[in-house]
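Shown next, in structure tokens, is the structure this report addresses.
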Amino acid sequence: MMKKTLFIMSLAIIIFLSACSKDASVYNFKPRKDDYIVSESELILVEYKTNEDGKLVNLYIDRLLSIEDMIYFNPLIDYDYELEGFTGDIFTFSGYECTKYNNFNVPINIEIGSTRFKYDRIDCEYQEVDRNNLVKTGIYARSYNITDTLGFDQDTIISIVVYDENSLEKFIDIVDLPNSVRTIGVYSIEINSDLDGFISPLINYYKEITVYEQLFLKLQDNDSTVSEVTGFTEDINILDIGNLGEITPLIEDFVFEYEEEILALYELEDLIKIVNEEDVPTDELDETPVE
């Protein structure tokens, strides 16, 4: 009876350990992670997903726009917009000291998710308001300077709204405000086709950041990806360097032009990378716990 019990217990332990080993990552990253981060600089948005093996399978990198840029570069904003039955103002002067753009009008109200804000040109910021469009006070009331970026993922809708006290809905949505280079480019590339100075950087960003994303998904490592993009692939034999022609990068001035994106992916690696024994300094491995 004892032998049978021990056998059953041993079998259970083997099955348990086997199940645990299936959960262990065979790649560099923590398995089953699906989230987004905003870089420490608050300039870059990275959305990502890893599978059950710890392999990065989805990656989306985007450069965030400040509120003033979200408004200034959006070609769909109609400053002469008329809302039926509404006689008030939809836009207001931004203030001389608030923005880098001259004679720049901004929407009086915007909505982020389900939270509404009203512009204050004295403080140069959008301040959270209640249902009656009155500014909230207290430590939990939110506000954003017009030069701030809005670090929300692409599922969060940001829009210009009109406050109409006579309307049943009170706040009426009139146009969305994409908050990043790639999302605003969807609106701009065709509509502003004659404004080459504005369009070219958007087209380049779309094309070039996609190259970076796809190579990272292939190589699963930022150092290797940056080397590949800059033309210094790890396949090059160091003994053959003298016989090589001119290095041809996949993206010109990549390290300079995309410094913030590169740093953001290092931050992503730090967040979701699995620390292996070889990554831990030797002196830490040799330390014996003090009893």
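For this structure, a couple of remarks:
- Scanning the stretch 250-291 for residues being hydrophobic (A, V, I, L, M, F, W, C), within 23 Å of Asn51 (Cβ to Cβ) and at pLDDT 95 or above gives a total of 5.
For every residue, the table says whether it meets (1) surrounded by 13 or more Cβ atoms within 10 Å (Cβ to Cβ); (2) in contact (Cβ under 8 Å) with a residue 40 or more places away in the chain.
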{"position": "Leu65", "(1), (2)": "yes, yes"}
{"position": "Leu76", "(1), (2)": "yes, yes"}
{"position": "Leu83", "(1), (2)": "yes, yes"}
{"position": "Gly95", "(1), (2)": "yes, no"}
{"position": "Asn109", "(1), (2)": "yes, yes"}
{"position": "Ser114", "(1), (2)": "no, no"}
{"position": "Phe117", "(1), (2)": "yes, no"}
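- Per the listing Glu47, Glu111, Glu125, the residue uniquely under 18 Å from Asp270 (Cα atoms), acidic (Asp, Glu) and modelled with pLDDT of 95 or more is Glu47.
This table checks each residue for (1) modelled with pLDDT of 95 or more; (2) within 24 Å of Gly88 (Cβ to Cβ); (3) hydrophobic (A, V, I, L, M, F, W, C).
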position: Gly138; (1), (2), (3): no, no, no
position: Tyr144; (1), (2), (3): yes, yes, no
position: Leu150; (1), (2), (3): no, no, yes
position: Glu165; (1), (2), (3): no, yes, no
position: Ile184; (1), (2), (3): no, no, yes
position: Tyr187; (1), (2), (3): no, no, no
position: Glu190; (1), (2), (3): no, no, no
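- Among the criteria (1) outside any loop (DSSP other than H, G, I, E, B); (2) modelled with pLDDT of 95 or more; (3) surrounded by 13 or more Cβ atoms within 10 Å (Cβ to Cβ), the one Pro31 does not fulfil is (1).
- Any hit, the stretch 68-78, residues being more than 17 Å from Val162 (Cα to Cα), touching a helix residue (DSSP H, G or I) at 6+ places or on another chain (Cβ under 9 Å), at pLDDT 95 or above and not β-branched (Val, Ile, Thr): no
- Hey, Glu208 modelled with pLDDT of 60 or more, among the charged types (D, E, K, R) and not in a helix (DSSP H, G or I) or not: no
- Any hit, the stretch 99-106, residues being at pLDDT 95 or above, touching a helix residue (DSSP H, G or I) at 6+ places or on another chain (Cβ under 9 Å) and farther than 26 Å from Glu259 by Cα: yes
- For the stretch 96-103, the count of residues that are assigned to a loop (DSSP other than H, G, I, E, B) and under 25 Å from Asp155 (Cα atoms) is zero.
- Cβ-Cβ contacts under 9 Å between residues 6 or more apart (or on different chains), taken from a first residue in the stretch 137-161 that is in the same structural domain as Ile71 (by TED's automatic domain parsing) to a second residue that is loosely packed, with under 12 Cβ neighbours inside 10 Å and part of a strand (DSSP E or B), are listed as Arg142/Thr115.
The values are calculated or read from the model by the stated rules, or taken from the named source; none is laboratory data. Computed from a predicted model, the values in this text were never measured in an experiment. For neighbour counting, all protein chains shown are included, and Cβ atoms are generated from backbone atoms with ideal geometry for every residue, glycine included.
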